[in-house]
Amino acid sequence: MGMYGEHVLPRIINVACGLKSAAPLRRRVCEGLEGDVVEIGFGSGLNVPFYPATVARVAAVEPADVGWKLAAGRLRATGVPVQRAGLDGQSLPFADDSYDFALSTWTLCTIPDVAVALSEVRRVLKPGGSLRFIEHGLAPDERVRRWQHRLEPVQKRVFGGCHLTRPVVGLLTTAGFTITELDVFYEEGAPKFLGANSLGVALSP
Ligand SMILES: C[S@@+](CC[C@H](N)C(=O)[O-])C[C@H]1O[C@@H](n2cnc3c(N)ncnc32)[C@H](O)[C@@H]1O
């Protein structure tokens with residue numbers, strides 16, 4: 001991955017994703033989590049302060065060692081047990097039907113084979129379990145989409161493979177999830193090409 005990907009990028013993500021403006025969105029997406037939870041793309045643990053007390057334990061899946069180190073303070077401050085349990089959302093080292101919930105925040109943009117990762121999430125979720133997500137992706141407006149296609153090559157290079165044009169809802173439904181809650185909106189204060197968010201709940205039947 002190199003020096004930039006391993007050491008610099010996780011720190012940039014910690015700052016960029018840690019902006020206060022994201023806190024209400026993190027609170028919304030984590031609301032209702034219960035029992036055993038797998039979080040893919042744990043990053044630097046920016047969701048940890050928003051885990052409800054109803055969460056029994058979290059299995060964190062994150063390739064970046066620096067991200068995990070940056071999470072240390074948040075992990076000390078929470079009462080929820082969190083273990084770094086995997087390195088790659090495309091290959092989850094867990095038994096079938098073992099989690100009540102999955103959590104993904106601004107991660108599906110970056111995982112190289114997102115279809116494989118979503119099939120892994122479905123495999124490890126119990127029947128009736130759900131994925132809570134907030135993801136940026138393909139914008140609802142054609143004018144913004146054109147910019148997303150133009151800017152995506154640069155975005156991928158600078159942000160470790162982050163895509164701008166992934167159709168979040170389409171990916172989830174193709175993977176077999178049923179969307180039970182969905183809010184599609186542009187994030188306030190973010191450029192539209194980057195801030196076209198889908199927040200919701202995807203049920204694994
Ligand atoms: C934009 S960051 C979001 C981090 C965190 N979810 C948040 O909300 O702050 C994307 C994260 O996906 C992680 N990632 C990249 N490839 C991955 C993979 N194959 N499996 C799991 N996570 C991955 C990156 O290391 C990074 O931490």
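The values are calculated or read from the model by the stated rules, or taken from the named source; none is laboratory data. All values derive from a computational prediction rather than experimental measurement. Reconstructed Cβ throughout: ideal geometry from the backbone, glycine too, with neighbour counts over all protein chains shown. These area figures cover heavy atoms from the full protein model, side chains too; ligands, DNA and RNA do not enter into them. Shrake-Rupley method; radii C 1.70, N 1.55, O 1.52, S 1.80 Å.
All told, V158 falls short of being open to solvent by 40 Å² or more (accessible area, probe 1.4 Å) and within 14 Å of V114 (Cβ to Cβ). I'd like to know if the stretch 141-148 contains one or more residues that are touching a helix residue (DSSP H, G or I) at 6+ places or on another chain (Cβ under 6 Å), touching a residue at least 40 places away in the same chain (Cβ under 8 Å) and assigned to a loop (DSSP other than H, G, I, E, B). No.
Consider E152 carefully, then state whether it is within 16 Å of the ligand (Cβ to nearest atom), outside any strand (DSSP E or B) and either surrounded by 15 or more Cβ atoms within 10 Å (Cβ to Cβ) or of a type outside the set (S, T, Y) (or both).
Values: within 16 Å of the ligand (Cβ to nearest atom): yes; outside any strand (DSSP E or B): yes; either surrounded by 15 or more Cβ atoms within 10 Å (Cβ to Cβ) or of a type outside the set (S, T, Y) (or both): yes.
Taking the combined requirement at face value, the residue satisfies it.
For the stretch 171-182, the condition of being of a type outside the set (S, T, N, Q), surrounded by fewer than 20 Cβ atoms within 10 Å (Cβ to Cβ) and under 25 Å from G18 (Cα atoms) holds for at least one residue.
Please find, within the stretch 88-119, the residue that is least open to solvent (accessible area, probe 1.4 Å) out of those that are aromatic (F, W, Y) and more than 12 Å from the ligand (Cβ to nearest atom).
Selected residue: Y99.
Just so you know, in the stretch 28-60 the residues that are more than 11 Å from the ligand (Cβ to nearest atom) and farther than 22 Å from A72 by Cβ include one that is least open to solvent (accessible area, probe 1.4 Å), and it is G35.
A residue that is open to solvent by 30 Å² or more (accessible area, probe 1.4 Å), within 21 Å of V8 (Cβ to Cβ) and in contact with a Pro (Cβ under 9 Å, 6 or more places away or on another chain) can be found somewhere in the stretch 73-84.
For the stretch 184-197, does any single residue satisfy the condition of being more than 19 Å from C17 (Cα to Cα), outside any loop (DSSP other than H, G, I, E, B) and open to solvent by less than 70 Å² (accessible area, probe 1.4 Å)? Looking for residues that are more than 19 Å from C17 (Cα to Cα), outside any loop (DSSP other than H, G, I, E, B) and open to solvent by less than 70 Å² (accessible area, probe 1.4 Å), one finds none in the stretch 184-197, hence no.
For the subset of the stretch 120-149 comprising residues that are closer than 22 Å to F185 by Cα and hydrophobic (A, V, I, L, M, F, W, C), which member is nearest to the ligand (Cβ to nearest atom)? Outline the logic, then answer.
We begin by selecting, within the stretch 120-149, every residue closer than 22 Å to F185 by Cα; these are 130-149.
This time we only want the ones that are hydrophobic (A, V, I, L, M, F, W, C), so: 131, 133-134, 138-139, 144, 147.
On the way: L131: 13, F133: 10, I134: 8, L138: 16, A139: 17, V144: 19, W147: 19 Å.
For the stretch 120-149, the residue satisfying everything is I134.
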